[in-house]
Structures are given as structure tokens and as C-alpha cells.
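Notes follow once the structure below has been shown.
The values are calculated or read from the model by the stated rules, or taken from the named source; none is laboratory data. Everything numeric here is computed off the predicted structure, so don't read it as measured data. Note: ideal-geometry Cβ built from the backbone for every residue, glycine included; neighbour counts use all protein chains shown. For the accessible areas, the whole protein counts, side chains as well, though only heavy atoms, and no ligand, DNA or RNA atoms are used. Shrake-Rupley method; radii C 1.70, N 1.55, O 1.52, S 1.80 Å.
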Amino acid sequence: LICGGYSQEIKFYNVVRGDCVRTVRFDESQVNCLATTPDYQYVAVGGKPYVRFYDIANAAQNMPVTTYDGHTSNVTSIVFEQEGKWFCTGSEDNTVKVWDCRATGFQLCLENNSQVHSVALHPNQAEIVLGDHSGKVAVWDLTVNRTRREVCGEESVPVKSVAVAPDASVAVAANHKGHVYVWQLRDDSFDLLQKIDAHNSYILKCAFSNASKYLATTSADGTTNLWRFQAVGFTRVNTLIGHRKWVWDCVFSADEGYLLTGSSDSTCRLWDANTGQQCLEFVGQKKAVTAVALVDP
């Protein structure tokens with residue numbers, strides 16, 4: 001488990017024992033987001049305004065191995081292409097950028113009209129879905145370098161998180177009113193399938209498990225909900241209760257059996273996705289944990 005947040009440090013935990021095995025200082029800002037490269041060699045850390053890569057395996061190397069400079073405000077979201085050759089970032093500077101891991105600087109940039117809170121990569125590896133502060137969800141087609149589709153669930157209600165199902169069946173967007181919008185993906189349109197009243201407060205993250213078995217939503221109400229897609233749409237199968245404050249981020253294990261969450265209560269927790277029971281608590285952070293990642297080959 002790798003986690004970070006307002007305490008300006010990145011902590012590495014043994015996910016079996018629950019103990020912290022490494023701490024890396026991140027003095028320039030809070031940690032906004034984390035993402036591991038597909039080969040789990042590096043963890044990318046989004047701050048303000050840089051993205052820095054750290055070596056995961058080499059515990060003696062606590063300095064960044066690479067820094068990507070191009071944003072001018074908080075980097076809010078990072079996602080890697082499936083082979084790890086490039087990645088994209090969203091930022092509060094109203095842009096989405098694409099970066100080549102083998103080069104310096106960004107290769108493509110989409111100028112948006114408001115802050116970008118979240119980006120997700122379509123399984124076809126050629127489209128980026130973004131959610132922004134105005135409530136808009138857009139699809140950026142990298143092959144032609146233009147926005148092809150735009151939808152808005154609720155105008156002026158910020159979309160905090162977007163996700164695309166790994167089987168490419170649906171895209172979801174979660175907003176500050178606690179609502180989740182589910183769209184069926186088509187070549188030229190988003191067809192609204194469902195609106196879910198998922199939480200009573202801000203939703204901070206939505207994430208699919210690897211084979212699309214579960215959708216998780218985390219919230220400022222202190223809970224995480226797990227959903228499964230049925231004939232009538234997504235239905236809630238578990239509510240994970242234990243965090244005492246906002247739940248900022250989550251990540252599923254590769255086998256879809258477990259979920260890790262990070263919270264403003266300065267803890268991370270490991271949950272059994274099938275039963276909804278807490279398995280382990282990770283302590284040691286001094287302030288809110290806003291980003292989590294899992295090394296799970």
C-alpha cells in the first residue's frame with residue numbers, strides 16, 4: 001500500500017502485516033493523487049504543480065527519479081496507458097495533458113473551460129474521459145486530438161470523479177451532490193442509463209474493480225458504497241462503515257476481493273469486498289490521507 005495526503009509525505013505499508021516500511025518526504029505540497037506504472041516499478045505522485053516518479057522497489061532511493069513540469073496548479077488525477085509508455089494528467093489549471101514516459105515535457109494538451117478534477121482512460125487506449133468543476137463530462141479523442149462528446153449530469157455541480165468500466169460497457173461520473181450518473185458508451189454518444197442517489201454528501205472517488213465486478217464510491221459522509229451491475233442497473237451490495245471522516249480515495253486488489261480506502265481521519269483501511277468487513281487498519285499518517293495506490297502484481 002502506498003498512500004499520501006496533507007502531511008506532505010508518502011508512506012509505504014506492508015499490506016499483510018499493516019506496518020509502515022518506508023516514508024518519503026514530499027515537501028513541495030500536499031499529495032493530490034497517486035498512480036503506479038503498469039509494471040509497478042514507479043509510483044507517480046501528483047502535487048502542486050509537478051508530477052514526480054519514485055522508485056517503488058528501491059527503498060534507499062527517496063528522491064524522485066523523474067519530474068514532469070508543465071501544469072501551473074494542482075495535479076488532480078493521473079492515469080497510465082496499459083503498457084506504461086505514456087500517461088495523462090488532469091489539473092486545476094483547466095487542462096488535461098498527455099506525457100511520454102521516455103521524453104520530457106508534455107506531448108498533447110487539451111484546454112478546458114474549468115478545473116479538471118478527474119481523468120479516466122477508455123480501454124481502447126485512445127480516448128480520455130474527463131470530469132470538471134462545471135459539471136461537464138467530456139471525451140477527448142487522442143487519434144484526432146479533439147473533444148468528440150460532452151454531457152452534463154447537473155449544471156454547475158462539480159464532477160469530482162469519473163471512471164470507465166474495464167469492459168468498456170459504461171462510464172460513470174460522481175458529483176458533489178452525492179449522485180452517480182451512468183452512461184452507456186457508444187461511438188458517437190453517451191446514453192444515460194441510470195442516476196444513482198449514492199451518498200448524502202460529496203462523492204470524492206468512484207472506481208471499478210479490474211473485471212468490472214464492483215463499482216466503489218467514497219464520500220464526505222465517511223462511508224464507501226460498493227455496487228454491482230444487475231439487470232435493472234447498479235444496486236448497492238455493501239456499505240463500508242469505519243472511517244470517522246471524509247473518505248477520499250480507494251483502490252481494488254487485482255483479484256477484486258479487497259478494497260483499500262484513505263480518509264481524513266489519517267488512516268487507510270483494508271476491506272473484504274465480498275462481506276464488507278474491515279480486515280486491517282493502517283495508521284501513522286499525521287493528517288488526512290487523500291490518495292492511495294496498491295502494488296498488486
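Overview of values
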read-out	value
Over 19 Å (Cα to Cα) - which of LYS136/LYS205; LYS85/LYS160; LYS48/LYS245; LYS97/LYS213 fall in this group	LYS85/LYS160; LYS48/LYS245; LYS97/LYS213
The range 167-214, relative contact order in percent, only Cα pairs under 8 angstrom and at least six apart counted	36
Sequence-separation-based contact order of the range 13-54, relative, with Cα cut under 8 Å and 6+ spacing, percent	26
Computed E for VAL283/ASP197 - FRET, C-beta separation, R0 30 angstrom, nearest 0.05	0.35
Label-reachable residues, the range 75-97, where backbone N falls under 20 Å from a point 7 Å from ASP141's Cα toward its Cβ	96-97
Residues with amide H under 5 Å from that of LYS205, placed H, sequence gap 5 or more	THR218
Length added when fully stretched, THR275-ARG228, from 0.36 nm per residue minus Cα-Cα	15.6 nm
Of ASN58, ASN210, ASN113, the one that fluctuates the most in a GNM where the chain has Cα springs shorter than 10 Å	ASN58
Accessible-area composition of the chain, carbon plus sulfur, in percent [1.4 Å probe]	45
Using θ = phi - 60° and Karplus 6.51 cos²θ - 1.76 cosθ + 1.60, couplings along the range 49-60 (whole Hz; Gly, Pro as x)	x, 9, 10, 10, 9, 10, 6, 6, 6, 8, 5, 7
The chain - percent relative contact order, Cα under 8 Å, separation 6 or more	12
Partner aspartates and glutamates for LYS177 [C-alpha distance under 15 Å; skip if fewer than 8 residues away on the same chain]	ASP132, GLU154, GLU155, ASP197, ASP221
Cβ-placed point charges (K, R +1; D, E -1), dipole of the chain about Cα centre in debye, nearest 20	580
Reachable aspartates and glutamates from LYS286, criterion Cα separation under 20 angstrom, eight or more residues apart if same chain	GLU9, ASP19, ASP27, GLU28, ASP249, ASP265
Whole-number accessible area per residue in Å² for the chain, which is evaluated in the context of all protein chains at 1.4 Å	41
